[in-house]
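First the structure, in the form of structure tokens, and then the observations on it.
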């Protein structure tokens with residue numbers, strides 16, 4: 001089977017790195033939609049080097065490294081990377097017009113970050129995610145959360161959001177042709193929430209919130225610039241090299257698609273961008289209804305994660321004192337729990353029953369024991385965590401295609 005990759009941004013390029021090393025697919029067909037630099041040699045140079053992860057040869061073969069890209073054919077748009085055939089399509093950026101069918105591509109991963117509405121018609125002039133199916137692909141995977149732009153529209157029956165190892169079994173090959181692999185933050189967050197839900201129970205969650213301290217992405221500016229016409233968030237145009245930038249995240253909304261129990265739990269998600277190239281951190285705060293005779297303590301929280309990690313290839317637990325660069329490139333780690341920084345505090349809170357609608361109790365207040373837990377989870381938002389897990393999701397879908 002051949003694999004199509006649409007775009008060579010951060011996730012597209014690193015997905016190519018992964019798959020030329022894994023060699024599950026017989027050929028990779030990459031769509032750039034335009035000429036790159038002066039030709040294939042310039043594209044090859046961009047593929048082979050990376051400011052965050054070094055050279056492709058060292059990533060694949062360690063110190064033995066060496067050049068990995070050979071046999072460039074400018075006319076045919078072909079090359080071999082680590083011995084694997086790679087074809088470059090440079091004609092169209094609109095998914096509807098990409099020559100997937102002509103090149104025998106049945107499965108596509110779209111990493112543009114642009115075409116993320118599963119309800120948009122394939123013939124939408126500006127392009128649409130569904131256009132990949134119209135162009136001949138049988139399945140299309142999105143490396144971002146779905147975003148339905150039109151109000152009142154529901155998720156189409158043939159679309160689903162999954163995180164590998166959390167709700168992958170919800171994917172039905174005969175039904176779902178559009179698959180979102182959520183986001184790096186949602187992936188990390190789901191592995192922080194799921195163990196707690198399994199062991200403590202959703203019924204004991206009073207509320208939860210998270211902040212992701214996130215590395216820079218391509219949406220930040222290197223230097224200050226003027227906002228586009230109609231822009232409402234002026235901070236996106238400030239230099240990421242010089243600032244901590246408050247922004248937003250769709251992790252809370254996407255998490256409800258992956259873990260349905262979260263629909264009943266009050267949850268807030270925020271994001272802060274910082275001047276690093278990769279390596280991010282989620283600070284999760286959960287408020288739990290507890291028992292004063294046997295309250296939830298730090299050791300119990302950490303034990304839950306340790307036990308979950310023993311049976312999961314995607315969650316790691318650490319008692320080490322890490323910094324962000326320590327987790328860069330850590331393979332297939334959706335989350336690395338920083339166990340040394342887990343904190344809990346149990347207290348009794350008073351609830352004014354007079355403010356509860358429909359409550360007829362004669363008592364003016366009741367006291368409820370509540371434990372607040374603070375948990376830290378690292379993730380390499382580019383290669384180590386998200387891209388590797390996206391590749392696992394891609395291969396798992398390919399294995400079920402007949």
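Pick from 194, 175, 149: which is more than 12 Å from the chain's Cα centre (by Cα), modelled with pLDDT of 95 or more and assigned to a loop (DSSP other than H, G, I, E, B)? Write out each step before concluding.
Values: 194 fails: assigned to a loop (DSSP other than H, G, I, E, B); 149 fails: modelled with pLDDT of 95 or more.
Step by step, each of 194, 175, 149 is checked, and only 175 is more than 12 Å from the chain's Cα centre (by Cα), modelled with pLDDT of 95 or more and assigned to a loop (DSSP other than H, G, I, E, B).
Of the residues making up region 228-246, one or more are in the same structural domain as residue 196 (by TED's automatic domain parsing), surrounded by 15 or more Cβ atoms within 10 Å (Cβ to Cβ) and within 21 Å of residue 186 (Cα to Cα). Suppose the filter is buried (at least 22 other Cβ atoms within 10 Å of the Cβ), more than 21 Å from residue 271 (Cα to Cα) and free of Cβ contacts under 8 Å to residues at least 60 places away in the same chain; does residue 131 pass it? Answer is yes for this residue.
For region 264-281, a residue qualifies if it is surrounded by fewer than 22 Cβ atoms within 10 Å (Cβ to Cβ), in contact with a strand residue (DSSP E or B) (Cβ under 8 Å, 6 or more places away or on another chain) and in a loop (DSSP other than H, G, I, E, B), and the qualifying residues are 265, 276, 277. Kindly indicate whether residue 152 is surrounded by fewer than 22 Cβ atoms within 10 Å (Cβ to Cβ) and either in contact (Cβ under 8 Å) with a residue 40 or more places away in the chain or in the same structural domain as residue 298 (by TED's automatic domain parsing) (or both). In short, no. Confirm whether residue 396 is surrounded by fewer than 15 Cβ atoms within 10 Å (Cβ to Cβ) and farther than 23 Å from residue 184 by Cβ. Taking the combined requirement at face value, the residue does not satisfy it.
Scanning region 42-54 for residues that are surrounded by 13 or more Cβ atoms within 10 Å (Cβ to Cβ) and either on the phi > 0 side of the Ramachandran plot or in contact with a strand residue (DSSP E or B) (Cβ under 6 Å, 6 or more places away or on another chain) (or both) turns up 44, 48. A single member of 189, 206 is over 19 Å from residue 145 (Cα atoms), touching a strand residue (DSSP E or B) at 6+ places or on another chain (Cβ under 7 Å) and either assigned to a helix (DSSP H, G or I) or touching a residue at least 60 places away in the same chain (Cβ under 8 Å) (or both), and it is 206.
Within region 379-393, the set of residues being touching a strand residue (DSSP E or B) at 6+ places or on another chain (Cβ under 6 Å) and in a helix (DSSP H, G or I) comprises 385 only.
The values are calculated or read from the model by the stated rules, or taken from the named source; none is laboratory data. Owing to the predicted nature of the structure, the values given are computational and were not obtained by experimental measurement. As a convention, Cβ positions derive from the backbone with ideal geometry for all residues, glycine included, and neighbour counts pool all protein chains shown.
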